[in-house]
Amino acid sequence: MDKNRKGKVYIIGAGPGDHKLLTLKAAECISRADVIVYDRLVGSKILGLAKKDAEMVYVGKLPEHHAVPQEGINRILVEKALEGKTVARVKGGDPFVFGRGGEEAEALAEAGIEFEVVPGVTSAVAVPAYAGIPVTHRDFCSSLHIITGHEKPGKEESSLDFETLSKLEGTLVFLMGVKNLSSITSNLIEYGKSKSTPAAVVEKGTTIMQRKVTGTLEDIAEKVKEAGIQSPAVTVIGEVAGLDRRLEWFGKGKLAGKRVLVTRSRQQASKLSEKIEELGGEALEFPVIRIEEPQDYSELDKALENIGVYSWVVFTSTNGVEYFFKRLRFKRIDIRKLSGTKLCAIGEATAEELEKMGLYAELMPQSYTTLDLLKQLLPKIKKGEKLLLARADIAGKELSEGLKEKAVEFDDIAVYRTVLEESGREAIIELLEKGNIDFVTFTSSSTVRNLLSILGKDNIRLLDKVKKVCIGPVTAKTAEESGLEADAVADVYTVEGLVNKLVELSEV
Ligand code: SAH
């Protein structure tokens, strides 16, 4: 890095919670930044866009700790930029709507540091929208007022001009106002706003934890207290807050409100997570394994150089396909060398991975069980044909033993490695301890074994209250042998099958 070059700071709004409300520009800036300076309301999926080696600086509040003071944050931004780094300053909602982004921009301007502001979707508008409340509506109001509710309680000390506020005809949106709600509503009433004005409070909007309480100016504070609504929440006061329930649209998916722990490898988790989220659930990705290249390529290289000797290549997973062809390309071996070789892909996803390269498997056993696989594969192999099994380093022995028994000639080669991913340990334990996870999914025996070894024996009990769902019977058996009773097994042993099972369990 050029020490003399000053870096640049992007003051970014990350939206109100739903990570898909992040703008394209924000995503691009976060994924390119060297340093990420972030607040409490920024979710892990958004932070996950950062480069692997990006420096992560948390400046939000910690329980029982004070937040880093604003001057401290300003200083960090200036210092990092002076080191020549690209800094993403990531905030919840929009950075200039009660986000103190203005102060940060001032500090940067003063220090002569280049910056850009990337506006975000503000909770003041998006959270009501997710709760079915349009903040303006032609029939009811012609203005929108966004007000801070973060004030010391007590009318005398309030800097808010309730006299003026209560005369406004437009929609009033209070941010940071849960604690002071009763003082806000009583002040508005005292200064003449009608007691029957509709009011709504939306907690943790745009996330699966979203809750809404509706009422009137007179009773909303009491109702909110009863419901135990906590910060962050947005308060909407005005006719629009009382629009009928027809406008409620969020949280209607078949997995709405469900939190699912997804334990595939980092590379594979996304497909399962996507499907869960499409159905309104929240996928908490905790990759328990990481796929890496083999430490030693000599066996695979030898096989690739003599690929013609194999009549069949058997791929047991998408990873197998990926790493096999990656190496083939690395060695600059032409794919046409495979023209005389038949391909066997275990499972649909594996076949799809081959199809991406224009390769169509001769055989695609539908089942994940080795017995089924052998039943379908063996009759296809002619005498004298040799097989190459392109597999994981930790693959079970059943397949090779079955082939040996039938005197089939084969080479069993690890084309990738499965490594335990321990970085998320504390976070998984914390989530399980809090008890707000509905399902944990296991997509292979190794995800079972790995999750258990990451958690450690003493923490296995944390899984007692969580429904455990396995992709197939082999995985379920591994779970059982490890002391985990699966609550359900997918009927079809694919990601789709697994998701269908989650839906089925959510319906009961
Ligand atoms: N810059 C942010 C607001 C920061 S102030 C924005 O534009 O959204 C923090 C307040 O925003 C919280 O106290 C709460 O009132 C509101 N808020 C932020 N995210 C929210 C969410 N997901 N649900 C409800 N309120 C939210």
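The values are calculated or read from the model by the stated rules, or taken from the named source; none is laboratory data. Note that the coordinates shown come from a computational prediction; the quantities given were computed from them, not determined experimentally. Note that we place each Cβ from the backbone using ideal geometry, even for glycine, and neighbour counts take in every protein chain shown.
Restricting the first member to the range 488-508 and to residues that are within 16 Å of Glu282 (Cα to Cα), and the second to residues that are part of a loop (DSSP other than H, G, I, E, B) and aliphatic (A, V, I, L, M), the beta-carbon pairs closer than 6 Å and six or more apart or on different chains are Leu498/Ile471; Leu498/Ala490; Lys501/Ala490; Ser506/Leu255.
In the set (1) at pLDDT below 90; (2) more than 30 Å from Gly257 (Cα to Cα), Ala414 fails one condition alone, (1).
Restricting attention to the range 235-265, the residues that are among the charged types (D, E, K, R) and crowded, with 24+ Cβ neighbours inside 10 Å total 1.
Only residues that are under 30 Å from Leu374 (Cβ atoms), free of Cβ contacts under 8 Å to residues at least 12 places away in the same chain and not basic (Lys, Arg) were counted in the range 398-447, giving 3. The set of residues in the range 218-231 that are away from the ligand (no atom under 16 Å from the Cβ) and either more than 25 Å from Tyr191 (Cα to Cα) or in contact with a Cys (Cβ under 7 Å, 6 or more places away or on another chain) (or both) contains only Glu226.
Could you identify the single residue in Gly384, Gly396 that is surrounded by 14 or more Cβ atoms within 10 Å (Cβ to Cβ), at pLDDT below 95 and small (Gly, Ala, Ser)? Explain how you work it out, then say what you get.
Numbers: Gly384 fails: surrounded by 14 or more Cβ atoms within 10 Å (Cβ to Cβ).
Exactly one of Gly384, Gly396 is surrounded by 14 or more Cβ atoms within 10 Å (Cβ to Cβ), at pLDDT below 95 and small (Gly, Ala, Ser), namely Gly396.
Please verify whether Lys52 is away from the ligand (no atom under 16 Å from the Cβ), free of Cβ contacts under 8 Å to residues at least 12 places away in the same chain, of a type in the set (Lys, Arg) and in a loop (DSSP other than H, G, I, E, B), treating the condition exactly as stated.
In short, yes.
Annotation: of all residues in the range 9-44 being surrounded by fewer than 18 Cβ atoms within 10 Å (Cβ to Cβ) and not small (Gly, Ala, Ser), the one that is modelled with the lowest pLDDT is Arg40. One residue alone among Val118, Val125, Val87, Val97 is more than 8 Å from the ligand (Cβ to nearest atom) and under 29 Å from Val213 (Cα atoms), and that residue is Val125.
Select from the range 232-254 the residues that are assigned to a loop (DSSP other than H, G, I, E, B) and closer than 20 Å to Val135 by Cα and write down the one among them that is farthest from the ligand (Cβ to nearest atom). Among those residues, the one meeting the criterion is Asp244. Within the range 74-133, the set of residues being of a type in the set (Lys, Arg), part of a loop (DSSP other than H, G, I, E, B) and either closer than 30 Å to Glu248 by Cα or touching a Gly at 6+ places or on another chain (Cβ under 7 Å) (or both) comprises Lys85 only. Screening Ala124 with (1) modelled with pLDDT under 95; (2) over 19 Å from Cys29 (Cβ atoms); (3) of a type in the set (Gly, Ala, Ser) gives one miss only, at (1). Considered as a group, the residues in the range 296-326 that are of a type in the set (A, V, I, L, M) and surrounded by 15 or more Cβ atoms within 10 Å (Cβ to Cβ) include one that is farthest from Ala395 (Cα to Cα), and that residue is Ile307. Among the residues of the range 69-84, the ones that are away from the ligand (no atom under 16 Å from the Cβ), without any contact (Cβ under 8 Å) to a residue 40 or more places away in the chain and among the hydrophobic types (A, V, I, L, M, F, W, C) come to 2 in all. Beta carbons closer than 8 Å, at least 6 apart along the sequence or on distinct chains, pair a first residue in the range 317-331 that is in the same structural domain as Asp412 (by TED's automatic domain parsing) with a second that is outside any helix (DSSP H, G or I) and among the basic types (Lys, Arg) for Ser317/Arg391; Gly320/Arg391.
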